[in-house]
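Here the structure is laid out as structure tokens; the discussion comes afterwards.
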């Protein structure tokens, strides 16, 4: 009986995964195209974008029937930080020190921003449940900070403030509720890694002896909270751009030693490179990026790996434009989503081919095992996938 129950649960998960993929693959021709984001400056830290006009009621209705369902956040902040906890619970973090949390699937959002944080730029947030979360603010010197809450955002504690004017922190990731890393652009020629072993309450800079030398002009992109991601208890990947080649660095020991591999995503400019990566296990990953300037094309802006990032091969049919965020669909070995200012793309073959399924603007995307898929972006846009 126990074996039969397990079989039925696996069949149910597989059927749900197929339903999600089918819903996304359906045509969305009724959705009105949205304006492209315009970066403020071509830097490797990812620029702020100008506002876009909201989608028409007809377009929103079309999306509600199938695909992303926009929620009302009551703010115009741009959310590049997103932590999906479940279908009901999610956190977003963005401009003007804004942090929001929902516990009812996006029907209501509660403002839980840290006091006095209006001048901070939050670009990443990691949440363990509806009460515990860690948020990263980016910027040079003391602008880079980490804050933590244990009570759903009612109170926050600053656990790290960068004192090195040469450092600029971009992203963070957690292996579990205790162990996590944050990454800074190169200092003294190497990417700097910050480590915590108590859930973000305390941080320390790891030795740089195991980090390969950075290329001239190389940096991370603080565009989606996905330039540093982990899978399993020890594996972590760091993505780069802005240099002659866009690379993906891998560590199998929680950030103490790293190997660097060239990706197939074009670079050679401060605005180009790998912006985000997602791994469904320690072997299979997808990288996305391109050139975030809307007047520049982004050919070959996605790549896949089947050996943990030791080798990357370009997608046969990549997304049509720059993409900053990517996530695997729950319980699927082949389906994933990529998002950017001009739309959402779906792959059903592990990243080899993509097609656009939505034209709404999003910067980041995240899914949970209970089929809670969320996306967030400019002008307070947060959506949940409607199945």
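The numbers here are math on the coordinates, done by the rules we state, and not lab data. Nothing here was measured: the structure is a model prediction, and the numbers come from that model. Cβ placement follows ideal geometry from the backbone for every residue including glycine, while neighbour counts extend to all protein chains displayed.
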**Fill in**
Over all directions, the range 77-386 yields a Cα convex hull whose mean projected area in nm² is 13.5 nm²
**Request:** With r as the distance between the Cβ atoms of residue 69 and residue 281 and R0 = 35 Å, compute the FRET efficiency 1/(1 + (r/R0)^6) and round to 0.05.
**Result:** 0.75
**Prompt:** Normalised by the number of residues in the range 251-387, what is the relative contact order in percent for Cα pairs under 8 Å and 6+ residues apart?
**Reply:** 16 percent
**Asked** Using only the Cα atoms, what convex hull volume per residue in Å³ does the range 112-173 have?
**Response** 72 Å³
**Asked** Could you give the nm distance between label points at residue 197 and residue 253, where each point is 7 Å from its Cα heading toward the beta carbon?
**Response** 1.4 nm
**Asked** Taking 0.36 nm per residue of separation and subtracting the Cα-Cα distance, what length does fully extending residue 234 through residue 307 add?
**Response** 24.7 nm
**Request:** Evaluate the relative contact order of the range 77-386 (contact order divided by residue number), counting alpha-carbon pairs under 8 angstrom at least 6 apart; express in whole percent.
**Result:** 13 percent
**Message:** To make sure I understand, if each residue's beta carbon is the centre and we count other beta carbons within 10 Å, what order do 211, 183 fall in, fewest to most?
**Reply:** 211, 183
